[in-house]
Amino acid sequence: MTGLETGLAALGLAPRGIVGLAGDASQRRFFRVLLANGSTVIAALYQADAADQAARDRAVQLWATDHGLPVPTSLGIAGLVTVAEDLGDFDLERALDAGIEVMPGALAALGAFQACGWDGLGTPPFDGAFFRRELAGFERAAFPTPEETPGAVSTFLDALSGRLASHPYRLVHRDFHVNNLFLHRGRVWTVDFQDMRGGPDTYDLVSLLRERAGGERIVGEEAWKASAAERFAWAPGWEERYLECAAQRGLKVVGTFVRLAREGKRRYLAWLAGVSRHTLAALSTLGAPPALSAAVAACVAANEL
């Protein structure tokens with residue numbers, strides 16, 4: 001019996017069939033499990049040394065459900081296996097492909113996070129050191145050694161991290177892009193939410209409008225930004241904060257995609273050029289040093305599909 005089957009059995013689930021699903025950027029593996037009554041659930045199998053992480057992720061899920069956030073219902077945990085409600089396969093990328101207007105539902109889901117505090121949430125809020133560690137991932141992808149990072153680049157990244165930490169905070173999903181948003185039962189739900197935490201107010205909208213298929217196919221970014229600012233009562237200066245989030249988040253994602261490609265997960269490179277283009281635009285507006293923009297362009301050139 002496999003580790004997945006052992007965990008399912010411990011939860012009293014006898015599968016009639018198990019189908020592997022495409023995973024996320026973590027080390028978890030996901031499966032759709034067909035049960036005897038014809039219903040399906042989603043099971044996640046964690047690595048052998050990650051039982052504590054599985055328990056922490058489920059605790060976040062239960063907290064989110066208790067606070068009315070649009071996440072799937074947790075159905076149990078057994079060691080390295082967690083089981084949750086199945087939201088189906090119709091993510092917002094597929095909805096965009098089908099010509100469906102996704103933004104009203106996506107903003108409704110985002111509004112649930114924007115209106116929720118984070119007291120009692122097990123994941124600590126972002127701080128400047130956290131943002132800077134994320135940017136170190138880009139440096140590792142872009143420069144052969146830390147010593148070869150130009151001084152002007154390091155200075156800019158240090159300052160950018162500090163500025164983000166000074167933004168007004170809301171609860172952020174942290175990976176609010178179209179492939180983590182699903183149409184289900186007439187509304188938009190979220191997956192890959194286990195890292196939600198307090199963070200910059202514009203952060204999640206940047207992910208939605210500038211990453212993956214959303215960055216390529218959602219039309220009217222300027223209008224949607226203004227609509228969100230009014231709807232969520234963002235403080236003045238949100239336009240500059242949005243660009244700063246776009247720069248930090250974009251650099252973080254570029255570094256992540258390059259790292260994953262080096263680990264053999266080359267499917268993430270399909271989105272590298274798009275996110276890099278948006279990142280370069282933000283860096284240019286913010287007056288980033290030319291060496292940083294050149295490093296982003298070099299990452300794209302070195303990892304063309």
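A short reminder: the numbers here are calculations on the coordinates, not readings from a lab. Everything numeric in this text was worked out from a predicted model, so none of it was measured. Quick reminder, even Gly has a Cβ in these numbers, built from the backbone with ideal geometry, and neighbours come from all protein chains shown.
Which whole-number percent gives the relative contact order of region 10-64, counting Cα pairs below 8 Å spaced six or more residues apart? Please report the intermediate quantities before stating the final value.
Values: 61 pairs, mean separation 13.4, N = 55.
Value for region 10-64: 24 percent.
What does the chain give for Rg and for Dmax, in Å, if only its C-alpha atoms count?
19.6, 62
Arrange Leu75, Leu92 by Cβ neighbour counts within 10 Å, fewest through most, would you? Display every interim value, and only then the final one.
Working: Leu75 15, Leu92 27.
Placing the least packed residue first, the sequence is Leu75, Leu92.
Would you mind counting up the charge near Leu181? Only other residues with Cβ under 12 Å from its Cβ, with Lys and Arg at +1 and Asp and Glu at -1.
Working: positive: Arg94, Arg187, Arg212; negative: Asp91, Glu93, Asp175, Asp192, Asp204, Glu211.
Combined, the nearby Lys, Arg, Asp and Glu give -3.
Could you size up the charge dipole of region 3-85 around its Cα centre, putting +1 on the beta carbon of Lys and Arg and -1 on that of Asp and Glu, and report it in debye to the nearest 20? List each step's numbers first, then the result.
On the way: 6 positive and 7 negative charges, 41 e Å.
Value, rounded to 20: 200 debye.
Where Lys and Arg each count +1 and Asp and Glu each count -1, what net charge lies around Phe193 among other residues with Cβ under 12 Å from its Cβ? Intermediate results must be reported in sequence, preceding the final value.
Working: positive: Arg58, Arg174, Arg197; negative: Asp24, Asp57, Asp175, Asp192, Asp195, Asp204.
Value of the local net charge: -3.
In the chain, which longest range has no GluC sites (Glu not before Pro) that are both DSSP loop (not H, G, I, E or B) and surrounded by at most 14 other Cβ atoms within 10 Å? The partial results should precede the final answer.
Working: sites that count: Glu101, Glu263, Glu304.
The longest uninterrupted stretch comes out as 102-262.
Using label points projected 7 Å from each Cα along Cα→Cβ, tell me how many nm separate Glu240 and Glu222, to one decimal.
Between Glu240 and Glu222, the label points sit 2.0 nm apart.
At 37 °C and 0.692 mPa s, what whole-number value in µm²/s does Stokes-Einstein give for the translational diffusion of region 3-85, with Rh from the Kirkwood sum over Cα pairs?
Working: Rh = 13.0 Å.
Approximately 253 µm²/s, per Stokes-Einstein.
Shape verdict for region 266-305, please, from the Cα gyration tensor: rounded (a/c under 1.5), prolate (a/b greater than b/c) or oblate.
Numbers: a/c = 4.13, a/b = 1.85, b/c = 2.23.
Note, shape of region 266-305 comes out oblate.
Kindly express, to the nearest 10 degrees and within the range 0 to 90, the angle between helix 103-114's C-alpha long axis and the longest C-alpha principal axis of the chain.
90 degrees
Over the chain, calculate the relative contact order: mean separation of alpha carbon pairs under 8 Å at least 6 apart, over the residue count, as a percent.
Numbers: 473 pairs, mean separation 48.3, N = 305.
Relative contact order of the chain: 16 percent.
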